[in-house]
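Here's the structure, in structure tokens; my notes come after.
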Amino acid sequence: MVTHGALTVYAKIKPGMVEQLRLKLYEIHTPPNDIETNPIVPFKSITTIHFARFVILEEAKDLKGNTISPSLVLSTNYDKPLNKHIEELAQIAGAGLEEIFNYCVGFERGDDLAAFIKKHKMSCAAFYKGTPYRSVPRILREAELREDIANYIDKQVKSDKSFNAHTLRNKIVEYVNSEKRYAWICNKENPTFLWKVWFLISKIFCVLTITPVAVLAAICGIIPIRIKERQDSSEKNVLEEEKILKLVNEEDKIVQNQLTHLVDIKPGWFRLITLKFVLFIINLLAIYKFNKGELGSIPSIHFARWVIIDNGRRLLFFSNFDGSWENYLGDFVDIAAVGLTGVWSNTVDFPKTKFLIFEGATDEQKFKTWTRAHQIPTQVWYSAYKLLSVQNINNNSAIREGLTGAMSDKEIKDWLKRF
Amino acid sequence: MVSNIEFKDIQGLIVRGYNELPASCFLLLNITDVVKARQWLRIISEEITDGISKPTQKAVQVAFTYAGIKKLGMGESSLRSFAREFKEGMTADHRKRVLGDLGESNIAKWQWGGPANEEVHIMLMLYYSLEKSLEDDCAIQVSKFNGVQLIKRLDSNLSTLQKRKEHFGFLDGISQPLIKGFSKQGDPRFMVEPGEFILGYGNEYHKLPDSPWVSGAENQSDLLPLLQDGGNNYDFGKNGSYMVFRQISQDVLKFWKFMDDATNEGGSDEEKRVKLASKMMGRWPSGAPLVKCPERDDPAFAEDNSFEFYHADRDGLKCPFGSHVRRSNPRNSKGPTPEESDLINKRHKILRRGRPYGTYIESFDPVEIAAHSDLLKDRGLHFICFNTSISRQFEFIQDTWINNSKFQGLYNDPDPISGNPLGRCKSETGSFTIQAEPVRERIKDVPAFTKVIGGAYFFMPGINAVKYLASIR
């Protein structure tokens, strides 16, 4: 069984080196190079990476007017364990990563890359995964298997019209079993029984301890939150056309899209604590409730994470999702407004909220404008399976699972619908 | 029902489709002399048909591209207040991936509106009851042109076509949004707020849609109302709407030839051919929805639009998930619950006012079609729709529903009727999956049967706003 991790490496860029670093990153995906096979970071050869990105956080001023110097963020969604992932990074892309981190403070050529990555690793405040327990190789294998069975069905249907659901499944199972290359379907890649028991116990423990704390926090917090909200200055989000063009020029090229979003957290300890608390709850929900491919019934998110950076001054959000930005943001507004308002109402220029979680993101035009205003360009972005949606990946696994064990007639009928 | 909608100021095409005026032509104009063009526009603005009149002989509408409004002299800051999609235009480079204008639909190959063509500024839309009046009056209109020059004339004549059939042979234009405050009312669950189609009114999020404005300093007239959001800006967009215009060429022979090849098992079979095409459409040629008549066409249901998918056809056994009708209007089938799906669906509606062009070949038989004397003439659809947010309405439908190969959990199935498989999956052809028991049938290598050969984003202002444009000095 494999679980997913979110690696965020945050390093300050050496003074005066931003442009050179930008050029280096540009080289990774610009012809004659391509993102998968380039000699700097040949992503396709790194088998533990689902999605990865490099982002430059430009020099900025915090709310007090202090300068935040520019930094580089490397982010991966990887198959655990972390040590093995970092080892693979160093082994396959060591030279390229050294070149890149050489532009960062605290790294010189010849330094220990793994030690640098571990030292500059930030923890996520919340992490959601849409395809849990599926390693990259497993996702690719299962996609191939599904396509092969689908072609097999096409042929069967043509040659013999008399089959029923039962005989068809038997034929498919027989076919797959006869192919040596599919011997892996019997491997145990799902959570074990013991693990499930442990998971259930921890879930119950969580619900019992967190619920009273959350209720208490809500009761104590509600009045100060409302007072703070009324003091919030009205939002002023200006869209820079040039930046928006830069963003959209990189969108809609493969099945998935990415979003990198960076915004100042509202000043004062109260907002920071509130934000941390909301993200803590969302993280638990992502672990215990939204762990079957849908985040609050949004079926299109592969991975998403929030990271609080710069000593609680800024909030960073990374997401990898299927389909267009417009669809993704539409789902936020239509389906998940409460949760997202809960998080982002603690950041500046967010549309007006009520009681932390109401209004805010439901103001569709203002929310979309705010999101674009604080979205930043991603210099390098990689997807290990650019033709697969979350629904495809999880459906492929269900097809694979249906190849072993006994099934009732109803189950066979439902299973065949998956093709 | 008392309505606060200012029909008197709204251009009539937004309110009605002019079925009584079957002869129509759309004149694409380029402004050559701004001062004269404004004078000409001033005269035209008096002829514009409003939303109250129900013309029986003639109607006139006018719409502008961003380049056109800029050319007429609107100021920089006011120009910025238009929607980004409109400012960038239909042919902005990144938009080809959103709209599927790739391959044969590449904007470089367009006949108008593309980068190789003359810049379109204005579209004058003329509708007549008789073909004869069109010919006569259109010539008069052209002779009156002053400061503008005709780039292209696009004709659509409903009377030479089978009544309301599109060129593949299916009844079209059945499902239209019912709008609150309009005369035609229906089930309140499906009534859509007017602000989805007309600026200046509440939308489905109960907010005023962003409307283009003119700053107080720039506004020298008393034609525009103050912007409702406060401040000293005047609402240029009030009673106007963004109009999407795309000329979509349909390859009728390719379409029916494909249906024939895919169903030909030892002999050509018209019934099978039409059934496959209907599965792709989601309706039969008569218009009868597959959800209600899964097995065969039934003209008794021709105009039926009172169906849903969630309860009647959750698994797509009657109307396939990938069919045109199901993906261009998923109704209650998208989740999270059927009720929420209905609600969300109302946020992605367009008001369609398109018309077919070219001669009609009345046949489902590829041999007959191939032999038809008119075969080589271009035919298709002048797709026209109105919305107040191009990105959330038209572009969303086009990208998230029509061209999306992953729609409803599918793998490589773009819309078989109007989609372009050359999207995110980058395949030359798509598949079409017909859900069935015990197992689905999969039609492979479905090519694109349509291609876009011209188009632009227009703004159709309220009548006073047209007068404002004519009054700019």
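The values are calculated or read from the model by the stated rules, or taken from the named source; none is laboratory data. Computed from a prediction, not measured in an experiment: that's the story for all the values here. Cβ: placed from backbone, ideal geometry, glycine included. Neighbour counts: every protein chain shown.
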Q) Does A:Leu403 count as within 11 Å of chain B (Cβ to nearest Cβ) and at negative phi? A) no
Q) Counting only residues that are assigned to a helix (DSSP H, G or I) and touching a Cys at 6+ places or on another chain (Cβ under 8 Å), which one in region A:265-323 is nearest to the other protein chains (Cβ to nearest Cβ)? A) A:Tyr288
Q: Working carefully through the options A:Glu250, A:Glu235, A:Glu241, find the one that is within 14 Å of another protein chain (Cβ to nearest Cβ) and within 26 Å of A:Asn311 (Cα to Cα).
A: A:Glu235
Q: Answer yes or no: is there a residue in region B:59-67 that is part of a helix (DSSP H, G or I), within 14 Å of chain A (Cβ to nearest Cβ) and closer than 30 Å to B:Tyr234 by Cα.
A: yes
Q) Is one or more of the residues making up region B:358-369 more than 28 Å from B:Pro22 (Cβ to Cβ), away from chain A (no Cβ under 12 Å) and outside any loop (DSSP other than H, G, I, E, B)? A) yes
Q: May I ask you to list pairs of residues, at least six apart or on different chains, whose Cβ atoms are under 6 Å apart, with the first in region A:171-182 being farther than 22 Å from B:Val439 by Cα and the second being β-branched (Val, Ile, Thr) and at pLDDT 95 or above?
A: A:Tyr182/A:Val176
Q.
Please pick out the residue among A:Ile28, A:Ile40, A:Ile56 that is in a loop (DSSP other than H, G, I, E, B) and buried (at least 17 other Cβ atoms within 10 Å of the Cβ).
A. A:Ile40
Q: Determine, yes or no, whether B:Glu303 is part of a helix (DSSP H, G or I), surrounded by fewer than 19 Cβ atoms within 10 Å (Cβ to Cβ) and in the same structural domain as B:Tyr411 (by TED's automatic domain parsing).
A: no
Q. Which one is farthest from the other protein chains (Cβ to nearest Cβ), of the residues in region B:169-213 that are in contact with a Phe, Trp or Tyr (Cβ under 8 Å, 6 or more places away or on another chain) and assigned to a helix (DSSP H, G or I)?
A. B:Pro194
Q) What number of residues within region B:175-197 are under 17 Å from the mean Cα position of the chain (by Cα), hydrophobic (A, V, I, L, M, F, W, C) and closer than 14 Å to B:Asp342 by Cβ? A) 1
Q) If we scan region A:215-228, do we find a residue that is at pLDDT 90 or above, within 14 Å of chain B (Cβ to nearest Cβ) and assigned to a helix (DSSP H, G or I)? A) no
**Q.** Unmet requirement for B:Ile122, which otherwise passes all of (1) within 14 Å of chain A (Cβ to nearest Cβ); (2) touching a strand residue (DSSP E or B) at 6+ places or on another chain (Cβ under 6 Å); (3) of a type in the set (A, V, I, L, M)
**A.** (1)
Q. Between a first residue in region A:220-236 that is under 25 Å from A:Thr369 (Cα atoms) and a second residue that is of a type in the set (Asp, Glu), which pairs have beta carbons less than 8 Å apart while being 6 or more apart in sequence or on different chains?
A. A:Glu235/A:Asp349; A:Lys236/A:Asp349
Q: Could you list, in sequence order, all residues of region B:424-448 that are buried (at least 24 other Cβ atoms within 10 Å of the Cβ) and more than 30 Å from A:Asn170 (Cα to Cα)?
A: B:Arg424, B:Ala448
Q.
Looking at region B:241-257, can you tell me whether even one residue there is more than 14 Å from every other protein chain (Cβ to nearest Cβ), surrounded by 19 or more Cβ atoms within 10 Å (Cβ to Cβ) and assigned to a loop (DSSP other than H, G, I, E, B)?
A. yes
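The rows are residues; the columns are (1) in a helix (DSSP H, G or I); (2) touching a residue at least 24 places away in the same chain (Cβ under 8 Å); (3) within 14 Å of another protein chain (Cβ to nearest Cβ).
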site: B:Leu375; (1), (2), (3): no, yes, no
site: B:Asp378; (1), (2), (3): no, yes, no
site: B:Ile384; (1), (2), (3): no, yes, no
site: B:Ser391; (1), (2), (3): no, yes, yes
site: B:Trp401; (1), (2), (3): yes, yes, yes
site: B:Gln408; (1), (2), (3): yes, yes, yes
Q. Within region A:337-369, restricting attention to residues that are in a loop (DSSP other than H, G, I, E, B) and out of contact with any helix residue (DSSP H, G or I) (no Cβ under 8 Å at 6 or more places or on another chain), which residue is nearest to the other protein chains (Cβ to nearest Cβ)?
A. A:Asp363
Q.
Yes or no: region B:91-114 includes at least one residue that is without any contact (Cβ under 8 Å) to a residue 60 or more places away in the chain, exposed (fewer than 14 other Cβ atoms within 10 Å of the Cβ) and within 14 Å of chain A (Cβ to nearest Cβ).
A. yes
